[in-house]
1. Filtering segment B:167-190 down to residues that are assigned to a loop (DSSP other than H, G, I, E, B), over 20 Å from the mean Cα position of the chain (by Cα) and crowded, with 20+ Cβ neighbours inside 10 Å, which residue is farthest from the other protein chains (Cβ to nearest Cβ)?
2. Can you confirm whether A:ILE228 is more than 14 Å from chain B (Cβ to nearest Cβ) and more than 15 Å from the chain's Cα centre (by Cα)?
3. Only one of (1) more than 7 Å from chain A (Cβ to nearest Cβ); (2) under 21 Å from the mean Cα position of the chain (by Cα); (3) surrounded by 23 or more Cβ atoms within 10 Å (Cβ to Cβ); (4) on the phi < 0 side of the Ramachandran plot fails for B:ARG110. Which number is that?
4. Scan (1) more than 23 Å from B:VAL267 (Cβ to Cβ); (2) out of contact with any strand residue (DSSP E or B) (no Cβ under 9 Å at 6 or more places or on another chain) for the single condition B:SER69 breaks and write down its number.
5. Out of the residues in segment A:182-211 that are under 25 Å from A:LEU135 (Cα atoms) and surrounded by 24 or more Cβ atoms within 10 Å (Cβ to Cβ), state the one that is farthest from the other protein chains (Cβ to nearest Cβ).
6. For segment A:85-95, which residues satisfy the criterion of being free of Cβ contacts under 8 Å to residues at least 12 places away in the same chain and farther than 22 Å from A:GLN281 by Cα?
7. Of the residues B:LEU213, B:LEU123, B:LEU193, B:LEU160, which is more than 26 Å from A:LEU217 (Cα to Cα) and facing chain A (nearest Cβ under 10 Å)?
Amino acid sequence: MPSWLTSFPQLSNSFLRDLQRSIDDGFRTFTRGYGDLIEGFFSPLQTMLIWFERLLLNTPWLIILAVVAALAWGASRSLRVVIGSVATLVLIGLFGMWTDTMRTVSMVLAATFLSIAIGLPLGIVMARSDRVQRLISPVLDIMQTMPSFVYLIPVVMLLGIGRVPGLIAVVIYAIPPMIRLTNLGIRQVDREVLEATDAFGSSAWQKLVKAQLPLALPTIMAGINQTIMMALAMVVIASMIGVQGLGQPVLRAISNQYFTLGLFNGFAIVGIAILFDRISQAWGKRLQKHQEASHD
Amino acid sequence: MTDPAIDPIGIEIRNLYKIFGPNPEAHVAAVRAGMSKAELQARHGHVLGLSDINISVVPGSIQVIMGLSGSGKSTLIRHINRLIDPTAGEIIIEGRNVVEMSRQDLRAFRRHKTAMVFQKFGLLPHRTVLDNAAYGLEVQGISQSERYRTAMRWIERVGLSGFEKSYPSQLSGGMQQRVGLARALANDAPILLMDEAYSALDPLIRYDMQTVLLDLQQEVRKTIVFITHDLDEALRIGDRIALLRDGSVIQQGTAQDIVMRPADDYVANFVQHVDRGKVLKVGAVMVQPTGALPEAAIATDASIAEALQQMAANHLQALRVDDPEGQPIGIIPFQDAIDAYTGQHR
């Protein structure tokens, strides 16, 4: 049998090597030339991250517990959710993971805010134009399926190791559901309701703020919830490029085979994931108060 | 209600065409020359929505546009505030052609000249009844206290006092449409567009809402365009009725005209089950008096059924017909009333 039938006829090794090298060299040159500029561009993120982290770390733990309890109550009006949230945090503290947890929470909150700030307007633009939707959709597909380790490489090359590249990696990973569900939520708004707002002479902005966004809110809240969950999942991977928090002990546990250390930190992540999830979902549901007593 | 009555304004719809499809302009000429809906569909894959519509709505009157589903009636009403753009033709309101208005002019026109009521209500589910009723005013930028005051007045007027803090999903269909009506009336626009506004309601509630509308119209004197597929509804509330079929107007006139002189078999078929005794008015059947006037009198706007009842009860052969000032203007003989009632009139 001829060899081209048994093994796939690939491009020559030397060609592939040269191709990879030239792309790498090109990117490296770009990094050297513009790295500082890009770092400067992202420095506000650094400031925001440090501010968030200091806020959570410098606030006495009792106050944090009180704030979480208040948030849980405000969002859910359910004693069970409040007790569950406080108990989770108390357990985390007792097992010595308070500081790491605060670091992780600050990272997740910062990533969520950034995702909303970028994702919401993008989702709105996407909902308004089919062409933009066709353009953004495949990009989101790539962001969601590309193994996250792969885009850690260029981020680290550009910005080095630390919080900001970590944050960017987390946002890249966590933003797609925010964009997608904002788009979906707005597109699902009842056509007759929109026709009514048109008939009364609403401007595009009035229509967006008074009808489309409020009616898309349940779907948008589901997007925020997803974004938070994905940000939490990414925190462990981001610890590989220097993001502090619960991910680092996990990383240490993997390389040293400390089973219990890994388990504790893993449970802490699960704990705050549930906490975030319950609070944000309860809040989303309470925003839907008007749909409770449905007639006929 | 002490609303400063706005002068009613008329609507002139002239030579209006709407063709749906990828290239509608290309086929207007052919349709003008007489190409039928079926031919346009078969040869060019375009759908003829409206064909050469000419309707002139009298200021301060209720113009009913009636037709079965697919006749183009909902498409037509959406042209008046240009929720749909026509392929050709013009709509003149206060001397301005709505079709040629810029985006900005159109928005101002929709805010101040028209208000619309929808078949499926089109309420904002996340807003209370009060905030829904105040929506049109909110869009106009009117302060909260003022728009709540106006909206509250109309909520009371349509019989929803006490429900202003409810959400639409907590109300029945009839009540939701009252909110839709309050929202439209709060806007204080001279033109009211009602797109099958009562079609989704139960018959009894529908009758109720028709009464609400007729009572209101006595006070506010708006120019109302009312879409319906229900002939009884059309005959009850319409000052004038336009019958639409396959995108064309096949007959226009008063309820009396349409019942007594149907333009073709299609219309005749339509009106044959109508309760003629209730729909036909004495004024449409009366004749010039010959000889002495009868003693017993009846008003011109009384129904034939009432006239027959009066004659049968008192064994009379004719009644004198008086205008609203009490002046005799004709007589209605028993036989003529019977003929009109049974559809035998010539």
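The values are calculated or read from the model by the stated rules, or taken from the named source; none is laboratory data. On a predicted model such as this, the values are computed, not experimentally measured, just so you know. Note that each Cβ is placed from the backbone with ideal geometry, even for glycine, and that neighbours are counted across all protein chains shown.
1. Restricting attention to segment B:167-190, the residues satisfying the condition of being assigned to a loop (DSSP other than H, G, I, E, B) are B:167, B:171-172, B:187-190.
Going one step further and asking which of them are over 20 Å from the mean Cα position of the chain (by Cα), we end up with B:167, B:171-172.
Those still in the list that are crowded, with 20+ Cβ neighbours inside 10 Å too: B:167, B:171.
Working: B:TYR167: 4, B:LEU171: 6 Å.
Restricting to residues being assigned to a loop (DSSP other than H, G, I, E, B), over 20 Å from the mean Cα position of the chain (by Cα) and crowded, with 20+ Cβ neighbours inside 10 Å, the top hit is B:LEU171.
2. Working: more than 14 Å from chain B (Cβ to nearest Cβ): yes; more than 15 Å from the chain's Cα centre (by Cα): no.
Taking the combined requirement at face value, the residue does not satisfy it.
3. For B:ARG110, the failing item is (1).
4. B:SER69 satisfies every listed condition except (1).
5. My answer is A:ASN183.
6. Of everything in segment A:85-95, just one residue is free of Cβ contacts under 8 Å to residues at least 12 places away in the same chain and farther than 22 Å from A:GLN281 by Cα, namely A:LEU94.
7. Working: B:LEU213 fails: facing chain A (nearest Cβ under 10 Å); B:LEU123 fails: more than 26 Å from A:LEU217 (Cα to Cα); B:LEU160 fails: facing chain A (nearest Cβ under 10 Å).
Just a single option satisfies the conditions, and that option is B:LEU193.
Residue-wise test of (1) closer than 30 Å to B:ALA30 by Cβ; (2) more than 8 Å from chain A (Cβ to nearest Cβ).
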{"residue": "B:HIS79", "(1), (2)": "yes, yes"}
{"residue": "B:VAL117", "(1), (2)": "no, yes"}
{"residue": "B:VAL129", "(1), (2)": "no, yes"}
{"residue": "B:GLU138", "(1), (2)": "no, no"}
{"residue": "B:GLY141", "(1), (2)": "no, yes"}
{"residue": "B:ARG147", "(1), (2)": "no, yes"}
{"residue": "B:ILE155", "(1), (2)": "no, yes"}
